[in-house]
Amino acid sequence: MTHRIDLHTHSTASDGTLAPAELVRAAAAAGLDVVAITDHDTTDGWEPALRALPPGLRLVRGAELSCRWDGDQPPVPLHLLAYLFDPAHSELVAELTRVRAARLARGERMVALLRADGIDVDWPQILALAGGGTVGRPHIAQALIRAGLVATTSEAFGPEWLGERYRLPKDDIDVFRAVRLIRAAGGVAVFAHPRASRRGRIVPDELIAELAEAGLVGLEADHEDHSPAERAHVRGLAAELGLLVTGSSDFHGSHKTVQLGAFTTGVEAYERIVAASSGVTAVASG
Ligand code: AMP
Ligand code: FE
Ligand code: FE
Ligand code: ZN
């Protein structure tokens, strides 16, 4: 039997546009057998997704952690997917809470920069767009679209806007600490889109080797932000380091064009993630 497994999606608990319940319904409608909910720096979508889980769909509870590598100046931002960890692990909870607060402060400062240039966006509107979920640049992008300044989210991420000119760093989690905490919470760490050079700076393979020693379990290879050459490079590196590889949509609803299941993960990699975890279980409804 074939399995359709998508291990990277976002809901309104962060910068996706479908509520967690809508996300799992859409995943079932897209013909997925397994979906992971991986909102940025929060587990708030877990319960509503679980409650709405349609029959035949398995839910992997996860999050995408905003991390930084201090090996370059300024630090390089990177994303770790954390799967099936204990959502009550106090040190991990404290880091996630801190990062979400840092995102709020940073978002408000970015809006102040835009306003200082006469751009008509306001912070309360952006908070409302985020609807209580983790605030990110896609919410500011949405405000720029509504103000008629750009046509699409990708245009808003151009260098003239949120990609560079008005981009501010946020206070992310040290990546080695993040790997340690994910493991301590019984979770499994997978490096999200590790070679996505079109998003900005990327980290060297030597760092990925060090992270593998520290307990990183996998690399996301098939992702829309990787070129075919980048996907092949990630696969080669994973084979060299004994890491599993995943493929996923990184679905964000209408904040991006990619659809659920656009990229998928093999069943062996999925089973390795489940076997290596001890925080919470992957759940099927009924
Ligand atoms: P932030 O976490 O606030 O720095 O914003 C990063 C988020 O913006 C990512 O998680 C993606 O959801 C989104 N993003 C990044 N680059 C792009 C892009 N070029 N086009 C559309 N969305 C993007
Ligand atoms: Fe996002
Ligand atoms: Fe990401
Ligand atoms: Zn993501």
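Derivation of every value follows stated rules applied to the coordinates shown; laboratory data play no part. What you are looking at is a predicted structure, and each value in this text was computed from that prediction instead of being measured. Cβ coordinates were reconstructed from backbone atoms using ideal geometry, including for glycine residues, and neighbour counts include every protein chain displayed.
With +1 assigned to the C-beta of every Lys and Arg and -1 to the C-beta of every Asp and Glu, and no other charges, what is the dipole magnitude of the range 68-207 about the Cα centre in debye, to the nearest 20? Mind showing how you got there, number by number?
Numbers: 19 positive and 17 negative charges, 25 e Å.
Here the size comes out at about 120 debye.
When only the Cβ of Lys, Arg, Asp and Glu is charged (+1, +1, -1, -1), the dipole of the chain relative to its Cα centre reaches about 400 debye.
Loop only by DSSP, 12 or fewer other Cβ within 10 Å of the Cβ. Give me the GluC sites (Glu not before Pro) in the range 195-286 that pass, ordered by residue number. Spell out each step's value before the answer.
On the way: sites: 206, 210, 213, 220, 224, 230, 240, 268, 271; in loops: 224.
The qualifying sites: there are none.
Compute the Cα gyration tensor for the range 169-286, then decide on rounded, prolate or oblate, letting a ≥ b ≥ c be the square roots of its eigenvalues: rounded whenever a/c is under 1.5, prolate when a/b is larger than b/c in the other cases, and oblate in all that remain. Since a/c stays below 1.5, the shape of the range 169-286 is classed as rounded. log₁₀ I(q)/I(0) of the chain at q = 0.10, 0.13, 0.17 Å⁻¹, via Debye over equal Cα point scatterers, no solvent, to two decimals? For the chain at q = 0.10, 0.13, 0.17 Å⁻¹, log10 I(q)/I(0) is -0.49, -0.85, -1.49.
Against the chain, whose longest principal axis is taken from its Cα atoms, helix 90-116 shows a tilt of about 30°. Restricting the GluC sites (Glu not before Pro) of the range 115-196 to loop positions (DSSP other than H, G, I, E, B) with no more than 13 neighbouring Cβ atoms within 10 Å leaves 160, 164.
Judged by the ratio a/c of the largest to the smallest principal axis of the C-alpha gyration tensor, the range 231-275 counts as oblate, that ratio being 1.5 or greater while a/b is no larger than b/c. Taking a point 7 Å out from the Cα of residue 91 in the direction of its Cβ, the residues of the range 199-221 whose backbone N falls within less than 19 Å of it are 211-217. Of interest is the spacing of the C-alpha centroids, which for the range 163-196 and the range 228-272 amounts to 17 Å. In order along the range 128-140, phi translates into HN-Hα couplings of 5, 4, 6, x, x, x, 4, 7, x, 4, x, 6, 5 Hz, rounded to whole numbers, per the Karplus curve 6.51 cos²θ - 1.76 cosθ + 1.60 with θ = phi - 60° and x for Gly and Pro. Using θ = phi - 60° in the Karplus curve 6.51 cos²θ - 1.76 cosθ + 1.60, the 3J(HN,Hα) couplings for the range 41-53 round to 6, 7, 10, 4, x, 4, 5, x, 5, 5, 5, 9, 4 Hz; x is entered for Gly and Pro.
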